[in-house]
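The values are calculated or read from the model by the stated rules, or taken from the named source; none is laboratory data. Model, not experiment: these values are computed from the prediction. Here Cβ is always computed from backbone atoms with ideal geometry, including for glycine, and neighbour counts include all displayed protein chains. SASA here: full protein model, heavy atoms, side chains in, ligands and nucleic acids out. Shrake-Rupley method; radii C 1.70, N 1.55, O 1.52, S 1.80 Å.
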Amino acid sequence: MKKWAMVVDVAKCENCNNCFLSCKDEHVGNEFPGYAAAQPIHGHRWIDIYRTERGQVPMVEPAAMPAMCNQCDNAPCIKAAKDSAVYKRPDGIVIIDPDKAQGQRELVESCPYGSIWWNEEKQLPQKWIFDAHLLDKGWKEPRCVQGWPTGALQSIKVEDSQLSNLVEEEQLEVLSPEHGTGPRVFYKNLHLFTKCFVGGSVAAEIGDYEECVEGASVALLKDQRVLSSDKTDHFGNFKFDMLEPDSGKYQVKVERTGFSAQQVEVELVESVYVGTIRLEAGVEA
């Protein structure tokens, strides 16, 4: 059977908050019996936006990442619920029954992703329902997907085998896989949040001026073993990405015909800009 899933491309998220606002617009003040009670006007972020920055000036990369109920196939909230107050539909969507779940505050703590919110007025745990009430009326996608101008969110309804192929082909990841919950929200370019980069610039005195060096060969080494290589761009910049945080010492080696080779050492804790590596003319690399 085909089931719903969501693909979030972090690289396309521009922090516009349209997904958050569309969820608010749909659920604040609106009761959907059998699906969800009305969301409070303040406090709840059923679709939330996390933000981060990598690197240092002048090489800084901001990123934003939407997060929501993961519609887990092995959902802890289902196990924690009493009286079958939380259940998974055949199409993959997890629903907190707005009647049966009343008073079950423990469900908030059962979610390892922090995606269940407590409605104090209604004494009710609540979360994003993949807009199941709209899909059941024939909508092709949730409102948050329709409201996204960059295409960062994509809802799909596919067989599990098709989903597995897509995950492999697109190199999709899930948040905190160590929880073993089987999320149905997948992320592309999640490295913008979870990995680090080593970047820098290369310059040299050419004539009377210091200029950016384009086309210099740059290698990233660890224990003197080459891990990756790059070429400096028009501005003399280079970057090595997808590195693990707190992964120790690396070496950056720069070579360019007509200049002496230069090497700097980097202690990688988080993303780092190593500054400008200056080459000296007169010695062949």
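Residue count for the range 144-175 under the criterion of being in contact (Cβ under 8 Å) with a residue 40 or more places away in the chain, among the charged types (D, E, K, R) and closer than 20 Å to Thr194 by Cβ: the result is 1.
The residues on offer are Asp91, Asp73, Asp83, Asp97, and the sole one that is open to solvent by 10 Å² or more (accessible area, probe 1.4 Å), out of contact with any Lys or Arg (no Cβ under 9 Å at 6 or more places or on another chain) and not β-branched (Val, Ile, Thr) is Asp97.
Touching a Gly at 6+ places or on another chain (Cβ under 6 Å) and either of a type in the set (A, V, I, L, M, F, W, C) or open to solvent by less than 60 Å² (accessible area, probe 1.4 Å) (or both), is that true of Ala38? Spelling it out, Ala38 is indeed touching a Gly at 6+ places or on another chain (Cβ under 6 Å) and either of a type in the set (A, V, I, L, M, F, W, C) or open to solvent by less than 60 Å² (accessible area, probe 1.4 Å) (or both). Looking only at residues that are under 22 Å from Val60 (Cα atoms), hydroxyl-bearing (Ser, Thr, Tyr) and open to solvent by less than 80 Å² (accessible area, probe 1.4 Å) in the range 220-270, which one is farthest from the chain's Cα centre (by Cα)? Once the filter is applied, the top-ranked residue is Thr232. Note on the range 70-123: residues that are in a loop (DSSP other than H, G, I, E, B), closer than 25 Å to Asp160 by Cα and among the hydrophobic types (A, V, I, L, M, F, W, C) total 4. Somewhere in the range 12-20, is a residue surrounded by fewer than 19 Cβ atoms within 10 Å (Cβ to Cβ), in contact with an Asp or Glu (Cβ under 8 Å, 6 or more places away or on another chain) and within 30 Å of Phe235 (Cβ to Cβ)? No: the range 12-20 contains no residue that is surrounded by fewer than 19 Cβ atoms within 10 Å (Cβ to Cβ), in contact with an Asp or Glu (Cβ under 8 Å, 6 or more places away or on another chain) and within 30 Å of Phe235 (Cβ to Cβ).
All told, Met65 falls short of being of a type outside the set (D, E, K, R) and either open to solvent by 60 Å² or more (accessible area, probe 1.4 Å) or touching a Leu at 6+ places or on another chain (Cβ under 7 Å) (or both).
What are the residues in the range 177-199 that are over 11 Å from the mean Cα position of the chain (by Cα) and either open to solvent by 20 Å² or more (accessible area, probe 1.4 Å) or of a type outside the set (Val, Ile, Thr) (or both), if any? Hits for the range 177-199 are Pro177, Glu178, His179, Gly180, Gly182, Pro183, Arg184, Cys196, Phe197, Gly199. Scan the range 118-125 and tell me whether some residue there is touching a strand residue (DSSP E or B) at 6+ places or on another chain (Cβ under 6 Å) and under 23 Å from Gln154 (Cα atoms). No, the range 118-125 contains no residue that is touching a strand residue (DSSP E or B) at 6+ places or on another chain (Cβ under 6 Å) and under 23 Å from Gln154 (Cα atoms).
For Cys111, the criteria (1) over 23 Å from the mean Cα position of the chain (by Cα); (2) surrounded by 15 or more Cβ atoms within 10 Å (Cβ to Cβ); (3) without any contact (Cβ under 8 Å) to a residue 60 or more places away in the chain hold in every case but one, which is (1).
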